[in-house]
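Each remark here refers to the structure printed beneath this line.
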Amino acid sequence: MILSMNEAQTELTIPHLFRCPISLDLLEDPVTLTTGQTYDRSSIEKWISAGNFTCPVTMQKLHDLSFVPNHTLRHLINQWLQLGSQFHHSCNNNNTIDYLATIKHTLESHDSSSLETKLKALEKISVLSDEYCSFRKSCFQQLSFLALLLELVFGLSDSHLSENCYMEFVELALSCIVKLLPIVNLEPLNIIKDESKLKKFIFLFEKGTISMKTSLCLVIDYSTTASQTEEVCEILGNSQKLVHEIVQVIVNKSSDNLSEAAVKALSALCSLESNKESLVKGGAIDGIIRYISRCDNTRQKNLAPLAMATMMKLLVLESGKEALVNHVNGIETLVKMVFKVCNQECSESAVGILSIVCSDFGSAREVAIGAGVLSQLLFLLQSQCGTKTKTKARMLLKLLRSKWSEESMH
């Protein structure tokens, strides 16, 4: 049942954001002027009809008297009307949006002595973003929390904080950003395109904690999920220093969560053609090989198919093929993945990758045969694997035999 305007106003205190600055009543038909200020349509029309050609709040002269409906705010108000009493109770008599606005104000404060207060504010965001609901999602969006947190992380100067305090603040802020990414518009991520922000991103990845690096990998992953952040993904992917740091996370056998996040980051960056050369130069092939070589680990084998799919994409480049063929353990690692009873995806990817490099490189064929690829393929063909995988296995066998015959004749 939807509450009427009067019932809602009687039962709840109207949040400041929901009031018309002219009438101070609940916005019924919110419209936004060119100055960015929002008013109730009837109120602003009366204001302009009375000969006032300035914005009531900013007093800026209105060169354009048009206004556009604020659908986001109207939707938010409708949800508040429907769910207001529920949230009024759950937030201990603090209206949700006013409560979040207070938290935002705390974070925006430039008082360096209030670090502890800001940490508590971040903890509140972390808890609130965990408890998903469409109303709260709209609140986070309307109050631009993602943009604020990104500015705090990548624009914050650590000069007035101790290193421990700075890292603690950034670590918590990044964890909040990751929680907000699935529920808000991602356009604010474009802040990373700024050169100084990009440098801070790379610095934090290089010097940060495991938790911070995990969060940054997930930010990279999300940068590929929206068209408006594609340029961010391209800029990050073309930073060989960043790619190298991501690869080192895998090479250094970091925690399972971080290694998985790093694999997701490499896969995300690889989604853009323009990033592939940088990924190869940054050592992505080496990182992937090391990752899948450890896939006996129950958790890590879950992302082995994603890692191998990323490698497959990099093999469109000659440099990618050469990096794999020249890797001391590259071909042997893939041969071991051919007959993987527990993971058919891995088997299919391994056969596909070996088919590519064995077709072009005699050294790859020689190493693969020496590592036992023929017996692995025969085991695979006798297994219960899918038709597609068996077809690829037969094609690889045929390739190896024909190439072996050609080389024997010479």
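The values are calculated or read from the model by the stated rules, or taken from the named source; none is laboratory data. Note that the coordinates shown come from a computational prediction; the quantities given were computed from them, not determined experimentally. Here the Cβ positions follow ideal geometry from the backbone for every residue, glycine too, while neighbour counts run over all protein chains shown. Note: accessible area is taken over every heavy atom of the protein model, side chains too, but ligands, DNA and RNA are not part of it. Shrake-Rupley method; radii C 1.70, N 1.55, O 1.52, S 1.80 Å.
Data for the structure
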item	result
Carbon + sulfur, % of accessible area of the chain - ligands and nucleic acids excluded, 1.4 Å	50 percent
Low-density loop cleavage sites - chymotrypsin sites (Phe, Trp or Tyr not before Pro) in the stretch 170-276, where at most 10 other Cβ are within 10 Å (DSSP)	none
Separation of alpha-carbon centers, the stretch 367-395 and the stretch 211-239, rounded to whole Å	37 Å
Contact order normalised by residue count of the stretch 244-288, Cα under 8 Å, 6+ apart, percent	50 percent
Rg to Rh, two decimals, where the stretch 249-329 supplies the alpha carbon set and Rh follows Kirkwood	0.94
The stretch 194-319: C-alpha gyration tensor shape, a/c 1.5 cut-off, then a/b vs b/c	oblate
For the stretch 278-369: rounded, prolate or oblate by the Cα gyration tensor [a/c cutoff 1.5]	oblate
Volume of the Cα convex hull of the chain, divided per residue and given in Å³	189 Å³
Within a Gaussian network of the chain (alpha carbon springs, distance under 10 Å), most fluctuating of M167, M337, M59	M59
Cα coordinate range in the stretch 197-271, projected on the principal axes (Å, largest first)	32, 22, 18
Table column - 3J(HN,Hα) (Hz), the stretch 210-226, Karplus curve with 6.51, -1.76, 1.60, x for Gly and Pro	4, 4, 5, 5, 4, 4, 5, 4, 6, 4, 4, 4, 6, 5, 9, 8, 9
Degrees, to the nearest 10: 145-155 long Cα axis against longest axis of the chain	70 degrees
